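**Student:** Mind having a look at this structure? Questions to follow.
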2 protein chains.
Amino acid sequence: MAQDLSFLDDYLVRPDPAAPRLGATVHGIDQTGAPVETRVVTERALTLYLNAQEIVTMMTIGDHPDYLALGYLLNQNMLKRGDIVTGIDYDEELEVVVVRTPERSNFEAKLKKKTLTSGCAQGTAFGDLMEAIDEIELPRAELRTSWLYALTRKINTTPSLYLEAGAIHGCVLCARDRPLVYMEDVGRHNAVDKVAGWMFQHDVDPSGMIFYTTGRLTSEMVIKTVRMGIPVLVSRSGFTEWGVELARKAGLTLIGRARGKRFVALAGEDRIVFDQDVDLVEDEGGKHRRKGEGAMNERAEIR
Amino acid sequence: MAQDLSFLDDYLVRPDPAAPRLGATVHGIDQTGAPVETRVVTERALTLYLNAQEIVTMMTIGDHPDYLALGYLLNQNMLKRGDIVTGIDYDEELEVVVVRTPERSNFEAKLKKKTLTSGCAQGTAFGDLMEAIDEIELPRAELRTSWLYALTRKINTTPSLYLEAGAIHGCVLCARDRPLVYMEDVGRHNAVDKVAGWMFQHDVDPSGMIFYTTGRLTSEMVIKTVRMGIPVLVSRSGFTEWGVELARKAGLTLIGRARGKRFVALAGEDRIVFDQDVDLVEDEGGKHRRKGEGAMNERAEIR
């Protein structure tokens, strides 16, 4: 049975697993000692400048340096929605990206106080992020379970670096049952930041959006989603307690362990509309399994 | 058939999933809208001081703050093997840990230049780490495939926060077929650091050791393993190109995608002794599957 892949046309941005720059073929041996060739993801350094000030050097797969740069600055509160960016210059050879704004920002003071967040951490000015969360009111919205199942099925079958080489995280900005912008990177913080940068650049209204991530629902992931103004966050991975607490405080709909027909919602349940007959949803076979934490972990859901 | 769990006696340190402090029970709904109770891992802040100097605030599950503190300082090159530590004070209420040394270190200069490494990143003084790698010569050692299969089977069946609540990384220090020290944390960098701290505190000879991680084999993970002086690094997850390159440069044995009977070795293959008949190894059933990336990802191995 040929698979219907016409939904791929829905994407505005999606992974390009064939891009030679993003992966390498390496040689090794397998469990029998036989030689194997395998694909691995390429990491490269990218040093970000805000005007003349060096901010950070990130390790990234290297696609979309412009969106990554913008998203990093946004999520570190060094740039705000509506701020003017006069230019973004990327030099591939120097591995440098420069974001230009009309005035200097006050980020230097903010850089002083760093908190490393859990999971994948970049050292964020944590107090600031919490402040920013308090100011945000997330919009009313709905999440139909039929959309949720359609989204996860589409995302799992979209050709990606994950399917090609593994060892990578993905984040997808979605509208209803349509995945729009699918970014991957070695760290999920980079993948989120690239989506945030894309949204900034295209001045996207986040109010009807759904954010999907392959990563865990940590405090960091919740804060970033809330800061982007997106009311629904979905993951196939699990939760941390603080992630749940923050989502409840912010009124974010938080759905985790979304695999096959199953999911668990631990915050903002009122946005969920149960319009899908669960019996008609296929469970994940090996073919669609992705970062599945397996049967053992699923036990935790039903206790 | 009752499972033989006597190997649990081998551990010097292992997860304590029953500790009330490490997890919380939260209420939500499942895919049918029915109420569920589920366990989630607790994250808490821990601020690390080296003498009077505040270094960083980390998010951690909060067990073993002493080992985490030592390991963080070691892996940031702020402390070296053989350095004298005069005391470690942990205040649970203040969420502060203080490591005391006889003299001030020169870490301030090092803090200036930060590189965020990929995957889970803490902003490490990257140039320093590379220097440290160049100075290290990893010992000759052997890794028998029979040990490897025994280790992964034991680790996957050890009661853990992972099995209890998911959304957590694990790192295990092993000797031959014996898992010795199994640390978990919300970020794998914390789990590694706790193992490194334990090794420092107990002045462990790393030369015959094997390091197992649930996380990906990024440059960061390779650098930390080499700095710990451990000659073999095993993961059930995949590789990044730079991780492979650094492992080859450092002469580290790098094994990834170790699940069931399968694995791929991409560096230091000469340490591997193929003493196990692969046909006698069980493939992972749902029961042993852990962060299995599923059939799709395994395709990448056999190309």
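Bear in mind that the values in this text are calculations on the coordinates, not laboratory data. Nothing here was measured: the structure is a model prediction, and the numbers come from that model. So basically every Cβ, Gly included, is an ideal-geometry build from the backbone, and we count neighbours across all protein chains shown.
**Student:** Where both partners of a DSSP beta bridge lie in the range A:163-254, what percent of those bridges are antiparallel, to the nearest 5?
**Tutor:** 65
**Student:** Between copies, how far does the label point of A:K80 sit from its twins, in nm, shortest first, when each point is 7 Å from Cα along Cα→Cβ?
**Tutor:** So the distances to the same position in the other copies read 4.8 nm.
**Student:** Report, for B:H27, each distance to the same residue's label point in the other copies, shortest first and in nm; define the point 7 Å along Cα→Cβ.
**Tutor:** For B:H27, the inter-copy label distances come out at 6.2 nm.
**Student:** Checking the a/c ratio against 1.5 first, then a/b against b/c, what shape does the Cα gyration tensor give for the range B:1-56?
**Tutor:** oblate
**Student:** As an exercise, use a Förster radius of 51 Å and the Cβ-Cβ distance of B:E135 and A:D277 to find the FRET efficiency, rounded to the nearest 0.05.
**Tutor:** Step by step, r from the Cβ atoms, then E = 0.20.
**Student:** Could you please rank B:K224, B:K194, placing first whichever residue has the fewest other Cβ atoms within 10 Å of its Cβ?
**Tutor:** Result, fewest neighbours first: B:K224, B:K194.
**Student:** OK, next. My understanding is that a pair violates if its Cα-Cα distance is over 25 Å; which of B:K154/B:K261; A:K154/A:K249; A:K194/B:K249 do that in this structure?
**Tutor:** Too far apart for the 25 Å limit: A:K154/A:K249; A:K194/B:K249.
**Student:** Moving on to the next point. Which order do B:S219, B:S207 fall in if you start with the one that has the fewest other Cβ atoms within 10 Å?
**Tutor:** Starting with the residue having the fewest Cβ neighbours, the order is B:S207, B:S219.
**Student:** If you take each beta carbon of peptide A:36-48 and count the beta carbons of other chains within 10 angstrom, what is the mean?
**Tutor:** The mean count of partner-chain Cβ atoms within 10 Å per residue comes to 6.
**Student:** Next up: Put a dot 7 Å past each Cα toward the Cβ at B:D83 and A:H27; how far apart are the dots in nm?
**Tutor:** About 4.2 nm separates the two model spin labels.
**Student:** Can you give the average number of partner chain beta-carbon atoms within 10 Å of each beta-carbon in peptide A:260-273, as a whole number?
**Tutor:** The per-residue average across the peptide is 3.
**Student:** Further question on the same structure: Between B:E282 and the same site in the other copies, what are the distances in nm, shortest first, taking label points 7 Å from Cα along the C-beta direction?
**Tutor:** Values, ascending and in nm: 2.9.
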